Amino acid sequence: MDQAQQLRNIIKNSNKPQRPLARIITVTSGKGGVGKSNVSINLAIQFRKMGKRVIILDADFGLANIEIMFGTVPKHNLCDLIYQGKNIKDIITWGPEGVGFISGGSGISGMYNLSRDYLVYIIVNLAELDAIADIIIIDTGAGISDAVMEFLVASGEIILVTTPEPTSITDSYSLLKALNQSPRFSRENTKVKVVSNRVSSDDEGQQLFNKLNAVVARYLKLPLTYMGAIPQDQYLAKSVMQQSPVSLQYPNAKSVKAFENIAGQLMNPGDYAEVKQRGMAAFFSHIITGRKLSSTQPGTAEAKVIN
């Protein structure tokens, strides 16, 4: 059996009905500094309060936002899984409220140059996350780099965080345009949801979404769903300085109420039913294979791994 067939079998087995697949939510933004990681962390806390098992994958390479905001230093990261023989449970760090997180480091970018045998080993390990977590939040880098795009095209559910700053709106549109132009992006199997952050009122949040949605609908024909607004909140800023999620540090803060509402919408049965669950094996196989396609001739085994 060749390695490509092994990868196909892994994906097939991970999608069997008797094995529940984790819900993968990818949180992204058009520019840095808009509060993307805060959204990831506080949604994770809210999901935990609902009784869900949650793991965050910090895929913002070169930065350590999640661990800094959790006030926890991980002993291992994804590189240790790839190069040091650690298993998936070894590289999960457990933060507040039992939220797990995995530091990506430069591990994922290094996966593209590995042999197929090694990729099979890694994807088998990553597929184990489906048994450990109900929800996996991917916290990407900001902008439209290749690394960010690879995560987004592999995702069935994307949360785009934007703010009223003109540059944030413009960059959010640029990200959606780049995503829409990707030949591997499936608008039929991907739900793009928008969160308005750092707004003065719910009305401003709605207006911000309306402005972005009008341009996207006109030029990209890409449907967006509005999830709600997170208000400008001094307690959220304080919690960042204290390296503790605002949902735990100041549970009555107005921003926390907003996170509760958004998490509640995401867990609405109707919202959940609209999202195609892929599981971690298919998610990472999509990323790896997509990168390899650029250097593989059509019709080879590698080009057919996830077809």
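Search the range 70-86 for residues that are without any contact (Cβ under 8 Å) to a residue 24 or more places away in the chain and under 28 Å from Ala237 (Cβ atoms) and pair each with any residue that is surrounded by 12 or more Cβ atoms within 10 Å (Cβ to Cβ) and of a type in the set (D, E, K, R) when their beta-carbon atoms are under 7 Å apart and the residues are at least 6 apart or on different chains.
Every condition considered, the pairs that remain are Val73/Glu67.
Out of the residues in the range 38-96 meeting the condition of being closer than 18 Å to Asn197 by Cβ and not hydrophobic (A, V, I, L, M, F, W, C), tell me which one is farthest from the chain's Cα centre (by Cα).
Gln46
Could you list all residues from the range 155-185 that are polar (S, T, N, Q), under 15 Å from Asn210 (Cα atoms) and in contact with a Ser or Thr (Cβ under 6 Å, 6 or more places away or on another chain)? Spell out the reasoning first.
At the first step, the residues of the range 155-185 found to be polar (S, T, N, Q) are 155, 162-163, 167-168, 170, 172, 174, 180-182.
Narrowing the set further to residues that are under 15 Å from Asn210 (Cα atoms) leaves 162-163, 168, 170, 172.
Once the filter is applied, which keeps residues that are polar (S, T, N, Q), under 15 Å from Asn210 (Cα atoms) and in contact with a Ser or Thr (Cβ under 6 Å, 6 or more places away or on another chain), the range 155-185 yields Thr162, Ser168, Ser172.
Looking for something in a loop (DSSP other than H, G, I, E, B) and either buried (at least 20 other Cβ atoms within 10 Å of the Cβ) or touching a residue at least 60 places away in the same chain (Cβ under 8 Å) (or both) - is there at least one such residue anywhere in the range 201-219?
Within the range 201-219, the subset in a loop (DSSP other than H, G, I, E, B) is 201.
Adding the requirement that they be either buried (at least 20 other Cβ atoms within 10 Å of the Cβ) or touching a residue at least 60 places away in the same chain (Cβ under 8 Å) (or both) leaves none.
Checked against the condition, which is being in a loop (DSSP other than H, G, I, E, B) and either buried (at least 20 other Cβ atoms within 10 Å of the Cβ) or touching a residue at least 60 places away in the same chain (Cβ under 8 Å) (or both), the range 201-219 yields no hits at all.
Give the range 151-200 a look and list any residue that's within 19 Å of the chain's Cα centre (by Cα), among the charged types (D, E, K, R) and not in a helix (DSSP H, G or I), or say none.
Within the range 151-200, Glu157, Arg184, Arg187, Glu188, Lys191, Lys193 qualify.
Here are some residues: Ala133, Ala142. Which one is modelled with pLDDT of 75 or more, in contact with a Leu (Cβ under 9 Å, 6 or more places away or on another chain) and buried (at least 20 other Cβ atoms within 10 Å of the Cβ)? I'd like the intermediate steps shown before the answer.
Numbers: Ala133 fails: in contact with a Leu (Cβ under 9 Å, 6 or more places away or on another chain).
Ala142 is the lone residue from the list that is modelled with pLDDT of 75 or more, in contact with a Leu (Cβ under 9 Å, 6 or more places away or on another chain) and buried (at least 20 other Cβ atoms within 10 Å of the Cβ).
The values are calculated or read from the model by the stated rules, or taken from the named source; none is laboratory data. These figures come from a predicted structure and were not determined experimentally. Cβ atoms come from the backbone with ideal geometry, glycine included; neighbour counts cover every protein chain shown.
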